[in-house]
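The values are calculated or read from the model by the stated rules, or taken from the named source; none is laboratory data. Nothing here was measured: the structure is a model prediction, and the numbers come from that model. Here Cβ is always computed from backbone atoms with ideal geometry, including for glycine, and neighbour counts include all displayed protein chains. Just so you know, the surface numbers come from the protein's heavy atoms only, side chains and all, with ligands and any DNA or RNA stripped out. Shrake-Rupley method; radii C 1.70, N 1.55, O 1.52, S 1.80 Å.
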Amino acid sequence: MTENRTPFPVRVDAAPEPSASRGLWLVKWLLLIPHFVVLFFLWIAFLAVSMVTFFAILITARYPRPLFDFNVGVLRWSWRVNYYGYGALGTDRYPPFTLAEVPDYPAHLDVAYPERLSRGLVLVKWWLLAIPQYIVVSILVGGGLYAGSRATTDNGWNGGWAAGGLVGLLVLIAAIALLFTARYPKPLYDLVVGLDRWALRVAAYAGLMTDRYPPFRLDQGGTDPGSTPAIPTPPPPTGVPGGPAPNAPAPVA
């Protein structure tokens, strides 16, 4: 029997790499330096926007849409970088430099815009209510580094396995598997994406983007459970009625 799960407002999707390089992961830290520099400033802006938004919600019970779209873009950018880098090693496609959704990139993130938010919850959810989640996520993505300030001022797990945590260990195992077999074991892939998804849900909650408390639930695999994908499924190729969608990912080994 299929479990009925209520979709969470933070939608995180990913598609496995049809083929992967054995050794590209050895130099991804170098290739990602430009992204790390940009993300450093983006997360400073994320924090500033979150502070402004705190007062906006407190006064109007609304998250200003332009500010909301910007912060969603920062999370989206961070997810693409971590998916390419040491937060997942899920693709060899270099992440684009954009806050916008990129339909043909294999990592997607979207957050449903809340029409109204609680004035009372905004006072306590990002620090008091979120403490249990910070403890869990610090174990998942890096030995306490995520708890506290990193939940709102950094993307939380750019350090990959260097930050420690369960994700770091699992991605290191995946890197060794890639080195010797050029394949990413599917159960391992599903688990890593599920753990990253958990961390991103908490980051969005701490960033005041939703009043829905993140579930203590590990949703594994590349497809986030729910009714609305982060990016719409493209139509079948022209001239092939009912055919497979373009860029459909090949299954992970």
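Kindly establish whether PHE55 is without any contact (Cβ under 8 Å) to a residue 40 or more places away in the chain, open to solvent by 50 Å² or more (accessible area, probe 1.4 Å) and closer than 18 Å to ALA206 by Cβ. Write out each step before concluding.
Values: without any contact (Cβ under 8 Å) to a residue 40 or more places away in the chain: yes; open to solvent by 50 Å² or more (accessible area, probe 1.4 Å): yes; closer than 18 Å to ALA206 by Cβ: yes.
The answer is yes for PHE55.
Which ones in the stretch 86-119 are among the small types (Gly, Ala, Ser) and closer than 16 Å to VAL12 by Cβ? Spell out the reasoning first.
In the first step, residues of the stretch 86-119 are kept if they are among the small types (Gly, Ala, Ser); the result is 87-88, 90, 100, 107, 112, 118.
Selection gives GLY87, ALA88, GLY90, ALA107, ALA112.
Going residue by residue through the stretch 98-114, is there one that turns out to be in contact (Cβ under 8 Å) with a residue 40 or more places away in the chain, more than 16 Å from the chain's Cα centre (by Cα) and open to solvent by 60 Å² or more (accessible area, probe 1.4 Å)?
yes
How many residues are in a loop (DSSP other than H, G, I, E, B) and in contact with a helix residue (DSSP H, G or I) (Cβ under 6 Å, 6 or more places away or on another chain) when one looks only at the stretch 196-209? Quick ask: steps written out before the conclusion?
Just the residues of the stretch 196-209 that are in a loop (DSSP other than H, G, I, E, B), to begin with: 207-209.
This time we only want the ones that are in contact with a helix residue (DSSP H, G or I) (Cβ under 6 Å, 6 or more places away or on another chain), so: 207-208.
Summing the residues that are in a loop (DSSP other than H, G, I, E, B) and in contact with a helix residue (DSSP H, G or I) (Cβ under 6 Å, 6 or more places away or on another chain) in the stretch 196-209 gives 2.
For residues that are polar (S, T, N, Q) and open to solvent by 40 Å² or more (accessible area, probe 1.4 Å), scanning just the stretch 207-226, find the one that is nearest to PRO9 (Cα to Cα).
First pass over the stretch 207-226, keeping only residues polar (S, T, N, Q): 210, 220, 223.
Those still in the list that are open to solvent by 40 Å² or more (accessible area, probe 1.4 Å) too: 220, 223.
Values: GLN220: 17, THR223: 14 Å.
The selected residue is THR223.
Identify all residues within the stretch 19-33 that are part of a helix (DSSP H, G or I) and surrounded by fewer than 13 Cβ atoms within 10 Å (Cβ to Cβ); write none if there are none. Explain how you work it out, then say what you get.
Here is the first cut: in the stretch 19-33, the ones part of a helix (DSSP H, G or I) are 24-26, 28-31, 33.
The answer is LEU26, LEU30, ILE33.
Among the residues in the stretch 59-74, are any touching a residue at least 40 places away in the same chain (Cβ under 8 Å), closer than 30 Å to LEU179 by Cα, open to solvent by less than 10 Å² (accessible area, probe 1.4 Å) and out of contact with any strand residue (DSSP E or B) (no Cβ under 6 Å at 6 or more places or on another chain)?
No - not one qualifying residue is present in the stretch 59-74.
Can we say ALA174 is over 14 Å from the mean Cα position of the chain (by Cα) and either modelled with pLDDT of 90 or more or part of a helix (DSSP H, G or I) (or both)? Spell out how you get there, then give the answer.
Details: over 14 Å from the mean Cα position of the chain (by Cα): yes; either modelled with pLDDT of 90 or more or part of a helix (DSSP H, G or I) (or both): yes.
Criteria met by ALA174.
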